[in-house]
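Working notes for the structure below.
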Amino acid sequence: MTCAFSPTGQSVACGGLDSVCSIFNLNSPTDKDGNLPVSRMLSGHKGYVSCCQYVPDEDTHLITSSGDQTCVLWDITTGLRTSVFGGEFQSGHTADVLSVSISGSNSRMFVSGSCDSTARLWDTRVASRAVRTFHGHEGDVNTVKFFPDGNRFGTGSDDGTCRLFDIRTGHQLQVYYQQHGENEIPHVTSIAFSISGRLLFAGYSNGDCYVWDTLLAKVVLNLGSLQNSHEGRITCLGLSADGSALCTGSWDTNLKIWAFGGHRRVL
């Protein structure tokens with residue numbers, strides 16, 4: 001259900017329905033079938049692992065979210081849990097946690113999104129309680145992503161909206177929603193911000209991928225309306241490191257790379 005490169009690119013973490021986060025060292029020798037052996041198994045979740053993210057600038061710690069309503073900070077070197085966020089603590093999520101995002105400007109802070117329709121802000125130094133809980137969505141929060149400045153974050157939900165929140169005030173700053181007909185409202189499955197934060201990319205369950213202007217809350221472009229667009233649910237998306245291209249994955253079994261060419265500086 002999830003995978004992530006370590007900051008140095010020397011290892012890969014992945015997790016899913018086995019409730020384990022597996023670490024693969026890319027420098028390990030392969031077995032006779034050409035497969036990499038698992039170098040570390042991070043066991044402890046009591047539900048599926050929905051998301052994993054390495055702590056920026058280090059290969060030794062990562063954060064997972066799970067269907068057991070918790071997030072966990074792991075020490076990969078020992079394979080042990082450093083901190084558990086939620087669970088028995090009252091300020092934790094009350095349903096499956098679907099996504100986490102770690103702040104790029106302060107690696108001690110991360111946000112989580114859950115089936116309880118909320119997003120929560122956590123400080124890894126204070127696992128006993130969430131720093132803040134963000135309300136507003138009316139459906140599962142499928143995806144969360146920090147804004148480039150680290151002071152805001154975006155969310156995407158089954159209610160068909162993306163939202164922008166301020167972590168300092170707790171206020172909702174913007175709602176991104178495109179009016180649809182009488183048909184069922186498509187769910188937001190995944191989001192990403194451009195490097196400047198001016199654009200928000202959002203993938204939907206109907207195969208659309210909207211490019212939103214974050215300031216004006218208007219759709220700049222729908223990649224789903226272009227030729228050779230996806231024919232199924234968008235499941236994931238990600239921006240290239242230099243911000244010049246977007247990759248989308250879909251239930252139609254394809255990955256597509258969208259290049260922005262001359263608009264690179266605007267992104």
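Just a few scattered comments:
Every residue, every condition in (1) touching a helix residue (DSSP H, G or I) at 6+ places or on another chain (Cβ under 6 Å); (2) among the aromatic types (Phe, Trp, Tyr); (3) modelled with pLDDT of 95 or more; (4) in a loop (DSSP other than H, G, I, E, B), yes or no:
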| position | (1), (2), (3), (4) |
| --- | --- |
| VAL12 | no, no, yes, no |
| CYS21 | no, no, yes, no |
| PHE24 | no, yes, yes, no |
| THR30 | no, no, no, yes |
| GLY34 | no, no, no, yes |
| MET41 | no, no, yes, no |
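- Qualifying positions in the stretch 137-154 - open to solvent by less than 50 Å² (accessible area, probe 1.4 Å) and assigned to a strand (DSSP E or B): VAL141, ASN142, THR143, VAL144, PHE146, PHE153, GLY154
- The set of residues in the stretch 44-76 that are among the β-branched types (Val, Ile, Thr) and touching a residue at least 24 places away in the same chain (Cβ under 8 Å) comprises VAL49, VAL55, ILE63, THR64, THR70, VAL72, ILE76.
- Of all the numbered requirements in (1) farther than 22 Å from HIS187 by Cβ; (2) open to solvent by 20 Å² or more (accessible area, probe 1.4 Å), THR64 misses one, and that requirement is (2).
- Residues of the stretch 220-242 that turn out to be part of a strand (DSSP E or B), farther than 21 Å from PHE146 by Cβ and open to solvent by less than 50 Å² (accessible area, probe 1.4 Å), as a count: 1
- The residues of the stretch 98-136 that are part of a loop (DSSP other than H, G, I, E, B) and of a type in the set (Val, Ile, Thr), listed by number, are THR118, THR124, VAL131.
The values are calculated or read from the model by the stated rules, or taken from the named source; none is laboratory data. Computed from a predicted model, the values in this text were never measured in an experiment. Neighbour counts are summed over all protein chains in view; Cβ atoms, including those assigned to glycine, are modelled from backbone coordinates with ideal geometry. Surface accessibility is based on the protein's heavy atoms, side chains included, excluding ligands, DNA and RNA. Shrake-Rupley method; radii C 1.70, N 1.55, O 1.52, S 1.80 Å.
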